[in-house]
Amino acid sequence: MGGFFPELDEPIVVSAASNGDIVKITDISNDFIKKIAVRNYDVEEVSTFIPNMWSRVVLFKMLTDNSLPENLKTHLSGELKGLLAIITLREIYGWDVKMKVYGFNQHEVDKIAKTLYPGTENIQMHVIEFHDEPIGGCINSKYYTGFFTSAEYNLPTVPWFDNGLLRDPIETGKTGYLDIKNVKDALYCWKKQANVSERYLDNWEEESSLICKVTDTSSLLLKDHPLVNATRATKLPIDPQKIFLAMPKGNKVIIYEAEDCNIIPVSGNTYKKLYSYADGGKDLVCQLIEKTVSIQAKKLSFNMTYDEIAKIDELPKVCLWPDFVADDWDEYYLWCNKLKDIAIEPITETDDGKEPTKTETEHSITWKFSKPPIGLLIKKGEKEMKEIGVVEIKNLEPLNEVDNLKKYEVGFDFGTTHTTIALKTDKNEIKTLGVKDRICWLTTPKNKIKDISIIKDVYAPVIDFIERDFMPSGETGETYIDATMPTVFKRKAMGDISSATNEVLDGVAIVAKKQFPPYRIVPDRCKETEVIRLMIEPFLERLKWKGHPDRHYIGLYIPHLLKLLKAELRSNGISMNNCKINWAYPIAMGNERQETLRNFFGSGDFILESEAVSYFFDATLHSDTPCISIDIGGGTTDITVWRKGTLLIESSIKLAGNVCNEYLKNNPDVLSENISRFDSKLEKYKEPAKALMKAMPESTLSMILSRYSKNFIDHIAKHGIVNEANLLNLRKLMKFAYTSLIYYSGLMLSAVGLENIDKVNIYFAGNGWSHLDWLFGNGNRDRFDSSIDSLFREAFTSLDIGAGKLEFKRSPEPKLEVAKGLLYQPVGSEKTKITINPNAKESILGEDGFEVNGVSKSFNDRIDDTTVIDDKFPSRFVQYEKFLQLFKIHGLPKSTDIMDIVQHNIRENSNKIEEPPFFTIIKAAIQKHWGVKIRWD
Amino acid sequence: MERYLFTIGGTGAKCLEALVYMGAMGIFKDDVYILHIDPDKDNGNWLTASKALESYNNVKALITQKFNIFSTTFNPFRQGQAKKVDFCPLPRKTDTSNYASFSDYAEHSLVGALLFSEKIRNDRWGIGFKGRASLGSVVSASAIKSDKEPWNTISQQILNTINSGGEVRIFLIGSIFGGSGASIFPTIGKLFSNEFKTNDNFKIGGALLFPYFTYTVPSDANKEDFAKPTNFLPKSRLHLEFYESLTTLNPFKRVYILGDKRKRSVLCEKGSSDQLNPPHHVEFLSIILAKDFFNTNGKDLDQLEYMGIYRDNNEEKEGLVKWNHIPDNANAEKKFLTFTTMALSFLGFWEPLLRESKFKETRWFKTYIGHAPQLDDKLNNLKKLFNNYIRWLLGVHIGGQTDSNLKKCQINQKIQLFSARIFQDILPDNQNDEIRITEKESKEIGESLNVLKWRGAKGSSDYYEPKIKMEKSYDFLWKLACSLEIDNEYSPVEKLINIIEKTSNQFVNENYSS
């Protein structure tokens, strides 16, 4: 129809109407807009054509939407193709092309970004720079995702820059010194990638969807992007022999060989080009055939003759962490030890804008990357290092994308001795999560790692890598960087440190020795007992929260654990971002420490360890029968009393596996007694180790063994059965200490008025119970040695809690139950402030936060069953003396024997002691009788 | 219903001028709030429109009664302490503003470097954006915000009206091919839509004017000072494409498309006071479309529709503009003819008569007008308005603008509304002078009144024979004037205007009846 309209190429279609009628245009886009006649336009003004500040961007969106007039389309698609050709062919022409993220600040978001399109405040822009001059950009937003050229640019070195504009290099035939066919080849590979044909790209038609719908613009200029892969298919008009032969200069061409490791005899730069011709390096093959070396990439191959093969005695030990690659993973560490005449350097792909960080120590070098390197450049020489070849990195497992819709929960039972982790899957299945070290050995085959582990000079750098470089360094700039750092390995079997998946992470190796190597050098001529002492001593230190000079390592250890966990989760297709991490903490942990942990773990649930254990035993806890949970760990024992799902009373005591450790520290030769049970010449190394690993000092021993291995066992075996007295003494100590915990739990039960009940269930949780198994030779971890069992029952009986009513239950997985318990649905338990039964036969000390008959009890109120204020100590400790009656041990100190120690300790440490005073007395007795000081905090 | 009509840029100013006359002649009868938005606040088109408005308001001030003519009240919006009908979105120092210095954006040099050439970034905005819509959007995004005047006042006014159960409709008029209209049009739409889109009593529509004129940049001129007409159509297409791409976010309920395939050539002026384009029929058509929008049942404004005015395809090709091309043409034609007859009869017959002192002593004068203090001043007001109107009407009828003096331009024979020669004849040689009607011209007017409406050649279908003989025109008017019944409540000048209107109306009825 006609009307009062602008010049149209075709009339608008409309049903019958009369002059002067106001009619509706039903299809404004096709029936009007596209018919508007566009003959000419002023090229210089095109940038301002759209009534939007982002006019230029909108124009390119219209180009991709195929909604531009034909002549504008030709012009802009020429510019776009010219820009993309620059990106694609930049390496061939040697142009410095970068893509930089433009960060909009909030002000810019409001003033600029939002104006692109309503609701596009999340716009991302990359600026494309050609030798540091902006020539275009790439927008990534809900509205438009694609490229645009700058409003003006000057690119005199680009052949297809013509008369102020970039043009299509193919259409114009302006490709400079490159044959047009080569350019076409370079651009051809896009065709394989795309499905949609877009008219505006004409002879680049298949590339359009790829080019204009770039979702991850930042990766555009990386090698793994298909756009850039184009260069890999380019046939250069250059003799490949001249490119790829980069052997050491000189008269002779030498092929260097290293045992167990193929070195490809090319330079780093040559390797990068070769790599780009192969499919991610996978198809790169190097063969030595008589006097010829043949190197083949997917599209290229060349041969050359060499004169000589030289063996390399020893390559640096190089490993990479982690052992996988994933798009969303951007933390890789490469470690190598230093050798005198051989050096390695990582070869990375094209710059991604992130330079690897390099940390060099006396013994090693560590690089940190956001993408894994593609190869290792090997250099050799005494004075001047020369490139001799490249080692490829091939064993990284590519991981699939994470399904962000799935949510998980992780139960994290952190212990300074042991840590366990459990995972609740998206299907609500709870399983333990082992953690691998995930180290990929690059120059040393995995099956030979065990050999190097026993060679201290080699192993030291490995430890160095694991402990120092791989770990995050300290945040405060204090001495952290110089400290040796923890490993998390529990070596199930000797030599297997790289492949084992560890369910219980051994953190006792947090030995804060500021020395290198982090173990003692044992003199050749040394008494066997002294040898053992020297070996053990460095590892008896523990990382504890308070009072320990090196406790700040916790700040490094936890992030390290989390990093391992993150890698483990990722290898299982899970992003830590999709996980809620529930965290267990002991009763004794103060608010400040809890806060520290919260800072690491974010928004997950924080649950008492004893509660977590309780959730694990949920069904029983809901019964009418009271339950006592006695969770003995490496340094702390938590005791809780439950009934009908309600936590009635709880207590935290600093008396646990540390009793045994402290004794061993003073009497290391006692270990030999245990090992002496095994006597086969060969087996004596294996079985004792296995037994030791299972037993109490496993955290200590695992470390010792990992350092000294057979040497240590050998020393102990030679030492023979000469210290049985010491072993017996330790057994008595452990009986005394652990029974005090049992006795006290009975006191707690009595204090809440539950002593006259039919039945009591007692759960023995935590890893500390295994000390008894080891010391008393009990191979069955479901129950105690009979003598122990009797003693425990007797402790309850002495409190008039009938032995027949007691049911003991050992935890089958003393550590894992906490981690798993963290993932169980809470049982609705609640802490109850109870009123201590005033008529209870056995009085008990008040605990923190508890009241007795409505009156808050201070520390001094809590000392045994009488009032003790400074010089008004009781003349004797009633409960202690009653407790002593359980033992037939000669010479155990009476109240009066330890009164001085108790008074002294209380006066000296009153601000530190937060546990029931009963144990102040018990510790005093241990100190008096066994000479072992147990710490207060 | 409250009606708001916003005109934007130079083209918008021309439409505002047309609105004044459409209001004067009673085609646009309702009261309306008006606002003209223009970064080039000194441009000649706006100055002309504001003069027309001033002359109208001067006449309107004489009338307290509701007449068929001069019935519209053009209300300004409050802007701070003052009430104004115009708004400049630029900072005050317009002559030095440009992208590079505009405070909101100057710091983002990298974004600017990507999106605009250096020349464009540094080009000053003192005479507008030279057709650069993207720059216009930079300014409009900054200046047209609900927390700034006059927009906050307008928003509050809308809110008050809606809250009291009233209805508000906004109509925007701007060119789609320039820098100001194309950028400000959607910005205003978005502004109010964001606030009131969910309210059924609020509707917003507009007329987008496509290129209907062109010009040639003189070879000796600095080409960079001019928006380039070759870009008009490409830009129009892209602008509309862009609006359309906003799809569901498009705030408008109705958009009228308006333009002309035959683009009139105008003198090339770079802007400011020199920009003085002659009036064009597209401009008054935009006002008729505004009226259509205001009169449309609200139920028919639920979803965005694009509308246009139908014209026979062949007639469009020929560039013909006829009465039947105008929506509601019978009414429009009648009102145009009546008001033009009024204007000419005033200039040629009534004014000379009324200024005669002897005439004031006549019985007729005393009977019909009575004591009329300061009559001359009031006649001057009327004369000024009619003077402007005739000049405007002539402008609508000229072909290519070959001279800034419309008297020297050719009449476009394709504009078949009025026989425009008479307008040209009575205009003074100097376009800045007022029309001074001589006896000869008075006679000429009298002889032209019965054939004001365009007619084709004798024998053609467009030919008509006037019912009133050409020498009898004034007689007809006078006889009628002597027999009229005029309300005695009217003031003398109201009586006079009423007489002139009634006689002209009767004249038109009589003369052009078939």
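The values are calculated or read from the model by the stated rules, or taken from the named source; none is laboratory data. Here the structure is a predicted model, which is why all the values come from computation and not from measurement. As a convention, Cβ positions derive from the backbone with ideal geometry for all residues, glycine included, and neighbour counts pool all protein chains shown.
Quick rundown of the values:
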read-out: Failed item in (1) in a helix (DSSP H, G or I); (2) more than 14 Å from chain A (Cβ to nearest Cβ); (3) free of Cβ contacts under 8 Å to residues at least 40 places away in the same chain, with B:Leu347 passing the rest; value: (3)
read-out: Test set (1) in contact with a strand residue (DSSP E or B) (Cβ under 6 Å, 6 or more places away or on another chain); (2) within 11 Å of another protein chain (Cβ to nearest Cβ) - A:Leu155 fails condition number; value: (2)
read-out: Single residue of region A:1-30 satisfying the filter (more than 7 Å from chain B (Cβ to nearest Cβ) and under 60 Å from the mean Cα position of the chain (by Cα)) that is surrounded by the most Cβ atoms within 10 Å (Cβ to Cβ); value: A:Asp27
read-out: Count of region A:162-177 residues which are crowded, with 22+ Cβ neighbours inside 10 Å and assigned to a strand (DSSP E or B); value: 1
read-out: Top-ranked residue in region A:317-338 [being more than 27 Å from A:Gly573 (Cβ to Cβ) and not in a loop (DSSP other than H, G, I, E, B); ranked as modelled with the lowest pLDDT]; value: A:Asn337
read-out: Pair list, Cβ under 6 Å, 6 or more apart: region A:609-620 residue farther than 16 Å from A:Val410 by Cβ, other residue modelled with pLDDT of 65 or more and in a helix (DSSP H, G or I); value: A:Val613/A:Glu817; A:Val613/A:Val818; A:Val613/A:Gly821
read-out: Some residue of region A:78-100 being within 30 Å of B:Phe293 (Cα to Cα), at pLDDT below 85 and either in a loop (DSSP other than H, G, I, E, B) or more than 9 Å from chain B (Cβ to nearest Cβ) (or both); value: no
read-out: Number of the exception - B:Met342 against (1) within 11 Å of another protein chain (Cβ to nearest Cβ); (2) aliphatic (A, V, I, L, M); (3) under 24 Å from B:Ser442 (Cβ atoms); value: (1)
read-out: Top-ranked residue in region A:33-53 [being more than 7 Å from chain B (Cβ to nearest Cβ) and of a type in the set (A, V, I, L, M, F, W, C); ranked as farthest from B:Ala207 (Cα to Cα)]; value: A:Val43
read-out: Check on B:Ile309, buried (at least 23 other Cβ atoms within 10 Å of the Cβ) and touching an Asp or Glu at 6+ places or on another chain (Cβ under 9 Å); value: yes
read-out: In region B:40-68, the residues that are exposed (fewer than 15 other Cβ atoms within 10 Å of the Cβ) and aliphatic (A, V, I, L, M); value: B:Ala61
read-out: A:Ser895, sole failed condition from (1) at pLDDT 75 or above; (2) surrounded by fewer than 19 Cβ atoms within 10 Å (Cβ to Cβ); (3) among the hydroxyl-bearing types (Ser, Thr, Tyr); value: (2)
read-out: For B:Leu289: the one exception among (1) modelled with pLDDT of 90 or more; (2) part of a loop (DSSP other than H, G, I, E, B); value: (2)
read-out: Some residue of region A:66-75 being at the interface with chain B (Cβ under 8 Å from one of its Cβ atoms), of a type outside the set (Val, Ile, Thr) and in contact (Cβ under 8 Å) with a residue 60 or more places away in the chain; value: yes
read-out: Scan of region A:339-350 for residues that are in a loop (DSSP other than H, G, I, E, B), surrounded by 12 or more Cβ atoms within 10 Å (Cβ to Cβ) and either modelled with pLDDT of 80 or more or in contact with a strand residue (DSSP E or B) (Cβ under 9 Å, 6 or more places away or on another chain) (or both), ordered by number; value: A:Leu339, A:Asp341, A:Thr348
read-out: Candidate set from region B:357-373 (those that are among the β-branched types (Val, Ile, Thr) and more than 11 Å from B:Leu496 (Cα to Cα)); member that is surrounded by the most Cβ atoms within 10 Å (Cβ to Cβ); value: B:Thr362
read-out: Selection within region A:140-152 - among the hydrophobic types (A, V, I, L, M, F, W, C), in a strand (DSSP E or B) and facing another protein chain (nearest Cβ under 10 Å); value: A:Phe148
read-out: Any chance B:Leu159 is out of contact with any Pro (no Cβ under 6 Å at 6 or more places or on another chain), in a helix (DSSP H, G or I) and within 14 Å of another protein chain (Cβ to nearest Cβ); value: no
read-out: Qualifying residue in region B:438-446 (condition: crowded, with 18+ Cβ neighbours inside 10 Å, in contact (Cβ under 8 Å) with a residue 12 or more places away in the chain, out of contact with any Asp or Glu (no Cβ under 9 Å at 6 or more places or on another chain) and not hydroxyl-bearing (Ser, Thr, Tyr)); value: no
